[in-house]
Amino acid sequence: MNESLKNIANVIGANAEGSNVEITQILTDSRKVNAAAKSLFFALKGPRHNGHDYIPVLYDKGVRYFVVSEILDVTLFPGALFMQVTDTLDALQKISAHHRKKFHYPVIGITGSNGKTIVKEWIWQVLSTDLKIVRSPKSYNSQVGVPLSVWQMNEQHNLAIFEAGISEPGEMGKIKKIIQPTIGIMTNIGEAHSRGFQDKLQKAIEKISLFQDSEVIIYSADQPVVCDAIDNILNDEDKMFHGDLFSWGRSEKNTLKITSIEKTKTSTLIKAQYQQQTIDIEIPFTDDASVENSITCWCVCLYLGVPATTIHQRMKELLVVNMRLELKKGINNCTIINDSYSADSNSLNMALDFLNQQGGSGKKTVILSDLVQSGLANADLYAQVAGYLYDHQVDRVIGIGPSISMHLEFSAFNKKNEPMLIFFESVDTFKENFRQSLFKDETILVKGARIFEFEKIVRLLEKKLHQTVLEIDLRAMANNINQFRQMLKPGTRVMAMVKAFAYGSGGVEIASVLQYHKVDYLCVAYADEGVTLRQAGIQLPIIVLNVEENSFDAIISQNLEPVIFSAPLLQVFNHYLDMQGLNDWPIHLEIETGMNRLGFTIDELPGLSIYLQQPFVKVQSIFSHLASSEDSKDDAFTDNQYSLFKIAADIIQSILPYPFFQHISNTASVIRHPHLQMDMVRLGIGMYGINPTNDIAIELETVATLKSTIAQIKKIKPGETVGYNRKGKVSEETLIATVRIGYADGFPRTLGNGAGSMLVKGQLAPVIGIVCMDMTMIDISHIPGVKEGDEVIIFGKDLTVQQLALWAQTIPYELMTGISERVQRVYFEE
């Protein structure tokens with residue numbers, strides 16, 4: 001992965017005279033710096049972020065080489081080299097395409113709507129014993145992710161597997177030049193990423209164009225839209241495909257003809273005809289998606305000439321592809337990041353980024369196994385690992401396995417900052433020596449290859465809580481934030497609401513994600529919430545909405561910014577600052593425009609001049625709350641609130657000699673009233689995937705899933721009753737399940753007696769009887785195959801919190817914030 005800066009400059013059409021440095025790392029994210037002295041940063045420009053803005057941060061971290069498209073004052077960065085180009089993304093793609101051309105081993109390109117990552121990982125599982133494989137980290141398949149993936153290729157590999165994703169027409173041509181696949185795989189075509197395409201066929205044709213120069217295309221002939229796309233590149237003179245087709249399906253004409261699919265409770269036997277022979281595989285899955293993905297992998301192995309006996313054995317051993325990092329509460333106030341399913345250098349680097357995101361400036365420990373099938377010599381591999389660990393400022397490394405114990409060291413680094421090293425030969429040895437007291441007040445990343453069974457370590461470290469959990473999808477939250485950012489005018493700031501334990505989702509963890517994704521402000525209800533965030537290492541400006549005199553000490557000591565909503569509060573806060581000898585403390589003024597809750601009325605504002613012109617405070621912003629921005633019936637009222645707010649802003653500006661931010665827009669207003677964005681918007685429930693409007697749809701993803709398990713199943717005879725006060729009466733034989741959730745967990749009593757339902761095996765099961773404090777009974781008579789211990793969804797993607805709120809005659813806000821803290825929060829990032 002080395003390339004001289006001079007060669008890079010020649011490829012991208014820039015100037016790098018006088019520098020013979022070898023670049024080892026390409027950067028597009030200022031938060032992911034390793035080996036700074038040999039890194040090259042491409043300052044990419046997007047709709048909300050401009051990479052040029054982060055050059056000072058990177059320079060301070062030791063990066064000295066930059067590809068830019070804007071004119072900069074280079075005197076501010078002595079010793080740095082700036083290579084000027086017209087388009088930095090185009091330059092990044094050019095250098096990766098140039099790098100790809102150096103290698104002549106097979107390169108598999110995978111595209112489609114679903115299954116790309118699963119297929120990629122399963123091919124790796126089957127073939128990595130015999131081949132040195134480089135592959136896309138996680139799902140790096142975008143215009144930026146693909147170049148970063150291809151940059152990993154080196155001469156020690158003998159197979160590459162890269163994903164390719166697109167979101168609009170014209171993108172695949174650029175990706176094709178970078179991947180240059182010799183083997184093409186088309187998974188299924190669904191509705192995902194359809195915006196910008198006329199129909200599925202147009203999207204399929206765009207995707208299949210990736211393989212125009214490939215030796216072979218592997219695909220399912222049971223998908224008509226894929227077949228139509230294949231016909232397009234076979235018959236269109238401009239796209240003429242001259243390679244082979246390797247199809248699978250039920251038809252006789254397919255290369256691999258599927259003859260039968262036989263499912264048991266735990267596995268599936270797939271039989272087929274191939275080259276006039278009967279062959280089969282068995283996989284440890286029964287769902288249709290896994291069957292389809294496994295057949296695609298089977299075709300790849302057959303095309304590469306892998307012996308049938310080898311394929312059969314390894315397909316039986318396929319493992320679930322865990323595509324997410326989980327964040328859990330641990331013993332002794334620890335936080336556990338569970339990535340105990342894979343261990344390679346690329347995914348390690350990504351996991352360490354997540355560790356820094358969540359661990360902040362606190363103590364950080366990494367428990368790491370041997371890294372397998374890396375394609376590198378052990379000395380080179382663990383030198384790279386040491387660099388990653390050192391650059392991420394890890395405090396302690398616990399290595400498990402013979403290779404890591406022998407080769408991991410930090411002798412090449414500054415002794416003062418090197419991590420503490422502890423080694424164990426095996427997981428069993430670690431368990432024998434485990435002491436809870438050795439892990440306290442820290443964030444622990446557990447990352448190991450599957451063969452090491454690091455889930456045993458996770459069980460030792462995680463806090464023992466009951467089986468009702470609230471799962472928080474951090475990637476979905478980031479997507480939702482970006483969806484809203486795309487609606488904003490350039491320069492509009494974002495304040496994220498994390499009050500009420502971040503709408504029940506966990507204040508510190510959510511704030512860490514928001515800080516990582518560079519929101520501008522956080523907002524809490526009370527000072528103690530802000531104190532908790534500061535103690536966890538959150539550095540963003542934090543606004544406190546409900547300020548009391550007894551919270552002034554905490555506000556000052558933790559650098560919080562109070563909202564002032566009355567003249568007496570402003571007067572007493574000024575006096576407090578005077579006594580502390582403090583000036584220019586940032587405050588935010590709340591204006592009353594129709595909510596009639598807190599805030600200054602317009603009539604009160606002129607009288608504030610005596611307080612605001614004193615030196616003790618500085619107004620950072622003024623704001624007001626919209627009372628009904630989600631309801632079209634109240635649009636005139638909303639516009640009147642805005643008009644009153646502008647009058648208030650003019651009055652305050654006449655008092656103050658300096659400018660300040662103005663904001664009135666909430667989640668619903670961002671969607672329905674774009675003219676109210678002003679200097680900043682406040683995002684709340686929308687970040688969690690809930691659209692508070694009824695008339696405008698936007699592409700939000702579900703963030704929170706509340707789930708539990710079945711404790712017991714019983715048959716109830718006709719005439720028997722269920723629960724307290726015998727409210728649940730049955731007239732026929734009924735099968736009931738007792739679920740481990742009750743009103744003490746936040747499941748409302750109003751959902752009892754059939755008012756609400758839960759989701760079991762994809763079907764609604766109505767509540768029977770009264771909701772108890774810790775348990776709730778549901779009727780599962782109509783759902784076959786339910787067992788004790790089965791998962792039950794209370795709300796999530798397929799049973800929304802909005803629907804649950806409707807049944808409970810309340811609002812999603814109340815349900816989200818009402819989830820008890822005894823319910824374990826599990827955070828994950830795919």
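The values are calculated or read from the model by the stated rules, or taken from the named source; none is laboratory data. A quick note: this is a predicted structure, and the numbers were derived from the prediction, not measured. Every residue, glycine as well, gets a Cβ built from its backbone with ideal geometry; the counts of neighbours run over all protein chains shown. For the accessible areas, the whole protein counts, side chains as well, though only heavy atoms, and no ligand, DNA or RNA atoms are used. Shrake-Rupley method; radii C 1.70, N 1.55, O 1.52, S 1.80 Å.
Within segment 196-241, the residues that satisfy the criterion of being more than 30 Å from the chain's Cα centre (by Cα) and in a loop (DSSP other than H, G, I, E, B) are GLN212, ASP213, SER214, GLU215, ALA221, ASP222, GLN223, ASP236, MET240, PHE241.
Selection within segment 497-533: residues that are touching a strand residue (DSSP E or B) at 6+ places or on another chain (Cβ under 7 Å) and open to solvent by 30 Å² or more (accessible area, probe 1.4 Å). The member of this set that is nearest to ALA704 (Cα to Cα) is LYS499.
Within segment 456-505, being polar (S, T, N, Q) and either assigned to a helix (DSSP H, G or I) or in contact with a helix residue (DSSP H, G or I) (Cβ under 9 Å, 6 or more places away or on another chain) (or both) holds for ASN479, ASN480, ASN482, GLN483, THR492, SER505.
Here are some residues: GLY752, GLY719, GLY723. Which one is more than 30 Å from PRO692 (Cα to Cα) and crowded, with 20+ Cβ neighbours inside 10 Å?
Step by step, each of GLY752, GLY719, GLY723 is checked, and only GLY723 is more than 30 Å from PRO692 (Cα to Cα) and crowded, with 20+ Cβ neighbours inside 10 Å.
Out of VAL446, VAL397, VAL385, one residue alone is assigned to a helix (DSSP H, G or I), closer than 30 Å to ILE472 by Cα, of a type in the set (Val, Ile, Thr) and at pLDDT 85 or above. It is VAL385. When segment 687-705 is filtered for residues that are at negative phi, assigned to a loop (DSSP other than H, G, I, E, B) and open to solvent by less than 60 Å² (accessible area, probe 1.4 Å), the ones remaining, listed by number, are ILE690, ASN691, PRO692, THR693, ILE698, LEU700, GLU701, THR702, VAL703.
Every test in (1) surrounded by 20 or more Cβ atoms within 10 Å (Cβ to Cβ); (2) closer than 25 Å to MET495 by Cβ is passed by ILE710 save one, and that test is (2). List, please: which pairs have Cβ atoms under 8 Å, are six or more places apart or on different chains, and start with a residue in segment 655-666 that is without any contact (Cβ under 8 Å) to a residue 60 or more places away in the chain and end with one that is open to solvent by 20 Å² or more (accessible area, probe 1.4 Å) and of a type in the set (Lys, Arg)? What qualifies is TYR658/LYS618.
The condition (being surrounded by fewer than 23 Cβ atoms within 10 Å (Cβ to Cβ), under 23 Å from VAL458 (Cβ atoms), under 26 Å from the mean Cα position of the chain (by Cα) and not small (Gly, Ala, Ser)) is satisfied by just one residue among VAL366, VAL372, VAL427: VAL372. If the condition is being out of contact with any His (no Cβ under 8 Å at 6 or more places or on another chain) and modelled with pLDDT of 90 or more, then segment 494-509 contributes VAL494, ALA496, MET497, VAL498. Residues that are in contact with a His (Cβ under 8 Å, 6 or more places away or on another chain), more than 29 Å from TYR105 (Cβ to Cβ) and free of Cβ contacts under 8 Å to residues at least 60 places away in the same chain are absent from segment 230-237.
Out of ASP222, ASP231, one residue alone is open to solvent by 50 Å² or more (accessible area, probe 1.4 Å) and at pLDDT below 90. It is ASP231.
Out of segment 792-818, which residues are crowded, with 20+ Cβ neighbours inside 10 Å and of a type in the set (D, E, K, R)? Those that are crowded, with 20+ Cβ neighbours inside 10 Å and of a type in the set (D, E, K, R): none in segment 792-818. Residue selection: LYS120 satisfies the criterion of being basic (Lys, Arg) and touching an Asp or Glu at 6+ places or on another chain (Cβ under 8 Å).
The residues of segment 770-812 that are in a strand (DSSP E or B) and either touching a residue at least 60 places away in the same chain (Cβ under 8 Å) or aliphatic (A, V, I, L, M) (or both), listed by number, are MET777, ILE778, GLU791, VAL792, ILE793, ILE794, PHE795. In segment 676-730, which residues are over 23 Å from GLN803 (Cβ atoms) and of a type in the set (Phe, Trp, Tyr)? Scanning segment 676-730 gives a single hit, TYR724.
Of the residues examined, MET315 is not one that is at pLDDT below 85, of a type in the set (A, V, I, L, M) and either surrounded by fewer than 18 Cβ atoms within 10 Å (Cβ to Cβ) or out of contact with any Gly (no Cβ under 9 Å at 6 or more places or on another chain) (or both). Restricting attention to segment 144-170, the residues that are surrounded by fewer than 18 Cβ atoms within 10 Å (Cβ to Cβ) and either modelled with pLDDT under 85 or closer than 15 Å to LEU210 by Cα (or both) total 4.
If the condition is being out of contact with any helix residue (DSSP H, G or I) (no Cβ under 9 Å at 6 or more places or on another chain) and either charged (D, E, K, R) or free of Cβ contacts under 8 Å to residues at least 12 places away in the same chain (or both), then segment 274-291 contributes GLN276, ASP287, ASP288. Summed over segment 65-101, residues that are open to solvent by 40 Å² or more (accessible area, probe 1.4 Å), over 27 Å from GLU155 (Cα atoms) and in a loop (DSSP other than H, G, I, E, B) total 8. Does segment 438-471 hold any residues that are touching a Leu at 6+ places or on another chain (Cβ under 8 Å) and open to solvent by less than 10 Å² (accessible area, probe 1.4 Å), and which are they? Hits for segment 438-471 are PHE439, ILE444, LEU445, VAL446, LYS447, GLY448, ALA449, THR468, LEU470. Say we look at segment 10-22 and pick out the residues that are surrounded by fewer than 20 Cβ atoms within 10 Å (Cβ to Cβ) and hydrophobic (A, V, I, L, M, F, W, C); which of these is farthest from THR88 (Cα to Cα)? In this case the residue turns out to be VAL21.
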